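Reading through the C-alpha cells given below for one structure.
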Amino acid sequence: MPHEPIVTTVVGSYPIPGWLQLSGTQLAAFGPTDLTELWDDAVTVAVADQLHAGLDVITDGEQTRTDFNLSFYAFLAGVELNSSPSRRFGPPGHDQRPMHRITGELRAPSGLRVVDEFKRLQRLAPKGRRLKASVPGPYTLAGRLKPNDRYRDRHAVTEALIPIVRTELTNLIAAGCEFVTVDEPSMSCYADREDRRWLVDAFNQTVEPVRGRCYLGTHLCFGNYKGRAAARRRYGVMFPDFLDLHVNELHVEMANREFAELELAADIAKRMDVGVGIVDVKNYYVETADDIEQRIRACLRYVPADRLSVSPDCGLSQTARWASFAKLSALVQGAVRVRATL
C-alpha cells in the first residue's frame, strides 16, 4: 500500500485526560450509558488533538486501555488476575507491574475488544480519515503471565496466545481497519537473549491471515512504562533476522537514543517501509519544527521519502497531554517543511 512522502502518525496511545483517570477510580458509580459517554468523550478529545496537530494517520489514543496492554488480561479466560505487584514503593518501574497466574486453557471468549475500540473510532472520527489500530503481540502479552505445568515457558504461553491475537487481527480487518500495528516491544527487549528465528516465526504465524489485506506494521521499542526503558537499547542484534518479519512497515525508536544506529534504516528500507521515532516521549524538552526538520533530513539519508513515516518514539500514554500535543504539532510542521522541498 504505497503512501505519500513522510507520513506523520502516532504509535498508538495518547495521554489520558485527568478527568478520565479520576473517573477510572469510580467506575462502579457509572451506568452503561454513562460509561459509553465517558469513553466516547475521551476518544473524541484524543482524535481532536491529533487532527488539530495535523497528523496524517490517527488512532483512538487507546483511551479505554490501561497502558497499551495491561488491561487485556481481563479479557482472557484461564487467568487469575493479580493486582498486587511485588514492589509498591520507591522509584516507579517495570517491576511494579503485576504478574498474573494461569489457571486453565488460555482463551478470549469475547475477543480482546480492539475491534470495539476501532468501531468507536470509526464512528467518532471524521469521514475519510486514515485510521490505525494497535494490537499487542503474543510474545509481549505472554510477559505478564506466569508459566505453569500446562504452559511450561514463555514460548508455550506465546504459542497459546497466537490464535487469540490472530483472530483479533482478522476481525479488525473485517471491520474495515486498513492500518494495523502489532506492538511487540518485548521482542526487541529480549532479542539479545532469545531465539530470534523463533520470534520471527511466532510473529509471522500471528499475522499470516491478514498479510496483504491491510497496511501492517510492527512497533519495536525498549519499553516505556513510567517513562523508563527495560532493556539494553540496541537494534543491531535483531538484524538481519527481523528483516524477515511479514510487515509493510517496521517502526524503531531513535529520538531518545540520539539516533544511534540510524544507518540500520537503510537495510530495513530495502525490504519494507520504515517508521522512525523522531520525537522523544521520555523527555519534556519540546522539539521545535527546526529540530524535526533536521531529524527527518537525517532519516532521508537512509530511507526514501516515500518509504518513511515519522512519529514519536513510542506511545504517548506516559507523557503529559500539553507536551504531547506540542510535540505532535512540531512533528507535523517539520514534516510539512521537508515535503515542500522534495
Inset, instruction - For residues that are in contact (Cβ under 8 Å) with a residue 60 or more places away in the chain and not in a helix (DSSP H, G or I), tally how many sit in the range 187-213. - result: 0
Legend entry - Top-ranked residue of the range 66-79 - restricted to ones that are touching a Gly at 6+ places or on another chain (Cβ under 9 Å) and modelled with pLDDT of 85 or more, ranked as nearest to Arg144 (Cα to Cα): Val79
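Do you know which residues across the range 21-77 are of a type in the set (A, V, I, L, M) and closer than 24 Å to Leu328 by Cα? Give the derivation first.
Of the residues in the range 21-77, the ones of a type in the set (A, V, I, L, M) are 22, 27-29, 35, 38, 42-43, 45-48, 51, 53, 55, 57-58, 70, 74, 76-77.
Within the range 21-77, Ala42, Val43, Val45, Ala46, Val47, Ala48, Leu51, Ala53, Leu55, Val57, Ile58 qualify.
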Legend entry - Criterion violated by Thr64 - all others in (1) under 29 Å from Leu161 (Cα atoms); (2) part of a helix (DSSP H, G or I); (3) among the β-branched types (Val, Ile, Thr); (4) in contact (Cβ under 8 Å) with a residue 40 or more places away in the chain satisfied: (2)
Legend entry - Members of the range 201-247 found to be touching a Gly at 6+ places or on another chain (Cβ under 9 Å) and among the small types (Gly, Ala, Ser), listed by number: Ala202, Gly217, Ala229, Ala230, Ala231
Inset, instruction - Answer yes if at least one residue in the range 232-241 is surrounded by fewer than 22 Cβ atoms within 10 Å (Cβ to Cβ), under 28 Å from Gln21 (Cα atoms) and modelled with pLDDT under 95, and no otherwise. - result: no
Inset, instruction - Report, by residue number, each residue of the range 244-267 that is in contact with a Phe, Trp or Tyr (Cβ under 8 Å, 6 or more places away or on another chain) and more than 14 Å from Cys314 (Cα to Cα). - result: Leu245, His246, Asn248, Glu249, Glu261, Leu262, Glu263, Leu264, Ala265, Ala266, Asp267
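Across the range 322-342, what is the number of residues that are farther than 16 Å from Asp280 by Cβ and of a type in the set (A, V, I, L, M, F, W, C)?
Taking the range 322-342 first, the residues farther than 16 Å from Asp280 by Cβ are 332-333, 335-342.
Then keep just the ones that are of a type in the set (A, V, I, L, M, F, W, C); that gives 332, 335-336, 338, 340, 342.
Of the residues in that region, 6 qualify.
The values are calculated or read from the model by the stated rules, or taken from the named source; none is laboratory data. On a predicted model such as this, the values are computed, not experimentally measured, just so you know. Using ideal geometry, Cβ is built from the backbone for each residue, glycine included, and neighbour counts are taken over all protein chains shown.
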